1. So for the pair R343, E111, with labels modelled 7 Å out along Cα→Cβ, what separation do we get in nm?
2. Net charge within 13 Å of V352 by Cβ-Cβ distance, Lys/Arg positive one each and Asp/Glu negative one each, not counting V352 itself?
3. Expressed in nm to one decimal, what extension gain is obtained for the pair N8 and A171 from 0.36 nm per residue of sequence separation less their Cα-Cα distance?
4. Å³ per residue of the Cα convex hull, for region 1-121?
5. Rounded to the nearest percent, how much of the accessible area of the chain (1.4 Å probe, protein heavy atoms only) is carbon and sulfur?
6. Extending each Cα 7 Å along its Cβ direction at E122 and D78, get the distance between those two points in nm, one decimal.
7. I'd like the FRET efficiency for S88 and Y233, computed as 1/(1 + (r/R0)^6) with the beta carbon distance as r and R0 of 30 Å, rounded to 0.05.
8. Indicate the gyration tensor shape class of region 72-198 (rounded, prolate or oblate), computed on the Cα atoms with a ≥ b ≥ c the square roots of the eigenvalues: a/c under 1.5 is rounded; otherwise a/b larger than b/c is prolate and the rest oblate.
Amino acid sequence: MTTTLITNIGSLVTNDPTLGQGPLGLIEDAALVLEGETVVWAGPAAQAPAADEAVDAHGRAVIPGFVDSHSHLVFAGDRTAEFNARMSGQPYKAGGIRTTVAATRAASDAELSANVAKYMWEALRQGTTTFETKSGYGLTVEDEARALRIAAEHTDEVTYLGAHIVSPDYADDPAAYVKLVTGEMLDACAPYARWVDVFCEKGAFDGDQARAILKAGQAKGLQARVHANQLTYGPGVQLAVELDAASADHCTHLTDADIDALAQGDTVATLLPGAEFSTRAEWPDARRLIDVGVTVALSTDCNPGSSFTSSMPFCIALAVRDMLMTPDEAIWSATAGGAAALRRTDVGRLSVGARADLVVLDAPSHVHLAYRPGVPLVAEVWRKGVRTV
């Protein structure tokens with residue numbers, strides 16, 4: 001198998017502390033060797049072994065590909081009017097999802113698949129090499145199953161979110177909808193999904209409903225993740241820890257008990273600053289989480305209603321500016337943290353055995369992602385050892 005040496009790397013983020021400085025395992029004047037889809041060597045350029053091919057990074061920084069562990073890409077329609085109204089003073093409410101549900105149900109399979117491909121390519125150009133995406137805009141057995149089937153054509157990280165909101169068809173009988181989500185809908189959707197998720201929030205599903213939905217998914221072999229504590233305080237975070245969910249996502253409103261639970265469990269706190277930016281909501285307190293040892297991930301929450309961005313660099317800049325993360329913490333959370341939120345060990349790092357997913361920045365350091373917000377710094381993207389951008 002052909003080997004490729006990427007050398008003259010100004011600074012290399014490996015996320016392996018045994019290879020370099022600090023938690024990022026930072027190596028200055030570095031090199032990588034790829035063999036097929038895999039990293040087989042990382043270290044100082046002066047010590048690099050020979051390879052079949054050589055690529056000069058010209059002193060630029062190299063980081064692992066971003067791991068976006070939370071997105072909603074199977075949708076149709078547009079919610080510009082809702083965004084405009086919100087920016088003009090109306091508060092964000094979970095009910096806006098119904099607008100997208102109607103448009104998604106009306107769209108063809110081809111239209112939905114083209115949308116997923118479009119937004120994944122948009123994200124790839126900005127350095128995202130691992131994508132999670134969800135259903136949740138169909139809310140019927142047929143529409144949820146087709147959403148997951150379409151998603152599975154584009155990524156292995158597929159999440160069943162039939163419990164996004166109570167379907168408008170069951171507005172007068174939420175209990176019947178929970179029965180559908182945990183029964184016939186789950187049976188149809190489980191073959192396409194790896195994860196089960198629920199929006200545990202006022203206006204969506206309460207703690208008891210969320211527990212029933214997650215446990216039903218787990219009984220079908222799906223792993224849990226939870227939309228938790230976005231709009232107000234609630235049971236979502238502690239439920240996520242109780243059920244060993246891989247991730248509690250949003251984590252905007254946390255009590256001391258919520259933070260203690262996260263610190264003592266294995267559930268990652270996935271923060272989604274694009275949502276706070278797009279809804280003018282309170283920022284999650286990343287500093288409070290990190291300081292007590294909670295594992296934090298950053299993700300885009302790309303969706304048409306509350307966070308219509310596919311840009312992980314943008315989310316990194318927001319996290320540093322408004323969530324009090326350091327640039328090093330934000331980069332780690334957008335790569336290794338996202339991998340932890342998906343319980344993956346093959347991505348989010350650039351050390352021996354990792355998948356060869358990497359981003360070459362048109363900058364000498366990863367810090368420039370926060371230092372120069374909004375500037376298109378992604379010069380190259382390699383995914384599975386192939387330069388795709």
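1. Output for this residue pair reads 3.6 nm.
2. Numbers: positive: R349, R355; negative: D16, E35, D346.
Once all neighbours under 13 Å are counted, the net charge is -1.
3. Details: separation 163, 0.36 × 163 = 58.68 nm, distance 5.99 nm.
Here the segment from N8 to A171 would lengthen by 52.7 nm.
4. Values: hull volume 22.0 nm³, N = 121.
Per residue, the Cα convex hull of region 1-121 comes to 181 Å³.
5. Numbers: 7450 of 14720 Å².
Of the solvent-accessible surface of the chain, carbon and sulfur hold 51 percent.
6. Using points 7 Å along Cα→Cβ, the separation is 1.2 nm.
7. On the way: r = 27 Å, r/R0 = 0.91.
After rounding to 0.05, the efficiency reads 0.65.
8. Values: a/c = 1.81, a/b = 1.04, b/c = 1.73.
Oblate, since a/c reaches 1.5 and b/c is not below a/b.
The values are calculated or read from the model by the stated rules, or taken from the named source; none is laboratory data. The structure displayed is predicted, hence computed values, not measured ones. Every residue, glycine among them, receives a Cβ derived from its backbone with ideal geometry; neighbour counts consider all protein chains shown. For accessibility, only protein heavy atoms count, side chains too; no ligands or nucleic acids. Shrake-Rupley method; radii C 1.70, N 1.55, O 1.52, S 1.80 Å.
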